[in-house]
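Peer 1: One structure is given below, represented as structure tokens, and several questions about it will come after.
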Amino acid sequence: MLEHMANVFLPSCEDTLDEAVGERKIFYRLGESEFFQYANKNTGSGGLALIDIIPRMVVENQGFDRVYLDRFDKSLVYELFESARYKLNCKAAMKAMLESGDVVLVYRSQYRIPTSIPYIVQTSKLGTKVFANISDFVEMDQYGKYNVVQTRNYNALMAVIFAACIAQRIVSRKSMLPASLLDGFALSYATMLETVINSLVHMDPVMQDKMKYLATEFALIQMYGTETGTKLFYRYKDKYYPKLSKLVTDTIDNQFQLDHFDNMTLFIEELKKNYPSMKGLTPYLVMDKWIRRYGPATVMSIDYLGYHLYTICMVLMESPLITRMTMEPIMVKNKGTEMYRELQNII
């Protein structure tokens, strides 16, 4: 991630933060996200920009405290991993990941970061660790124990832990998502983006399908790069867009320049060029509508698909950080139920 690492003290064994090395994967360079760049310019804490704060999450005593399970109140451990509150078949595995340090929970003692940046991934020669920020969901009592004070925050806390555990497993595997999970992942993203854009320009049903089609390809290219993402997209055409004839999809493919899937600004510019009804779109109109519709905690998932995973987990855990309107696109074609099962299987 982070080109500007001055004043951040990192052990020499640590290679990357939130980066995919070599071939692009679902967790790519956070700094490539246009919306992270925007947040970095306009959001900070303690006189530092986000790009200087986030690496501090991986080092103790640099503004974030590490929270091990023995620092949790016993009632909190029980509610998360032992009670019937969460019907997950992977709770024991999640708890083991926290105990082993594969997933490290951090709590701010100095800096604030947005809830839309829930965790960062650290890869090194020793393996993969994910650092998840739980600062907004727990409080420390007079005895130094952490607990959930507001009941609604149980679901928010479980969502970020669940997502962080899955992220660790995905990066450790060094492979693509299983096909059924990838389908739900890309289709739910495409439906969310189409819904937002439709609320701005009011498309007819055929144009809505075209928009989902293009948004699916955008998601796959963002996750896996142009070459792999384009290859993966081929099997989506007939399977998920039967209403679009081959003539229509060939026309879309021929009109839409492949390099305009590289980032959201280029993507929107190409939409405007090919579809006059979209001439008023801008990236920040889309971002603003996305936030209003789905909640601020989801905003980074517009173009950083590593955090779209977090959005999905927030929906599945019924986190209070997302709006109820997020439920419908995640559950499109029953993919939400399938993803719930597949995500547990990954852990």
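The values are calculated or read from the model by the stated rules, or taken from the named source; none is laboratory data. These numbers come from a predicted model, not from an experiment. Cβ: placed from backbone, ideal geometry, glycine included. Neighbour counts: every protein chain shown.
Peer 1: Pick from segment 178-192 the residues that are surrounded by fewer than 24 Cβ atoms within 10 Å (Cβ to Cβ) and touching a Phe, Trp or Tyr at 6+ places or on another chain (Cβ under 8 Å): which of them is farthest from I330 (Cα to Cα)?
Peer 2: The extreme case among them is D183.
Peer 1: State which residue pairs qualify: first residue of a type in the set (F, W, Y) and inside segment 62-80, second residue at pLDDT 95 or above in any location, beta carbons under 6 Å apart, and separation of 6 or more residues or different chains.
Peer 2: F64/V106; F72/Y146
Peer 1: Is it the case, given these coordinates, that K289 is in the same structural domain as V332 (by TED's automatic domain parsing), surrounded by 14 or more Cβ atoms within 10 Å (Cβ to Cβ), under 17 Å from V196 (Cβ atoms) and touching an Asp or Glu at 6+ places or on another chain (Cβ under 9 Å)?
Peer 2: no
Peer 1: Just give me the residues in segment 59-104 being in contact with a Cys (Cβ under 9 Å, 6 or more places away or on another chain) and assigned to a helix (DSSP H, G or I), in sequence order.
Peer 2: Matches in segment 59-104: A93, M94, M97, L98.
Peer 1: On the given criteria, is T216 crowded, with 16+ Cβ neighbours inside 10 Å and either assigned to a helix (DSSP H, G or I) or more than 20 Å from the chain's Cα centre (by Cα) (or both)?
Peer 2: Criteria met by T216.
Peer 1: Turning to a different aspect of this structure: Condition test on F162, is it buried (at least 20 other Cβ atoms within 10 Å of the Cβ) and in a loop (DSSP other than H, G, I, E, B)?
Peer 2: Taking the combined requirement at face value, the residue does not satisfy it.
Peer 1: In addition: Does segment 141-159 include one or more residues that are in a strand (DSSP E or B) and acidic (D, E)?
Peer 2: Checked against the condition, which is being in a strand (DSSP E or B) and acidic (D, E), segment 141-159 yields no hits at all.
Peer 1: Also, quick follow-up: Give me the residue from segment 319-347 that is over 25 Å from A179 (Cα atoms) and modelled with pLDDT of 90 or more and, out of that set, surrounded by the most Cβ atoms within 10 Å (Cβ to Cβ).
Peer 2: Here the answer is S319.
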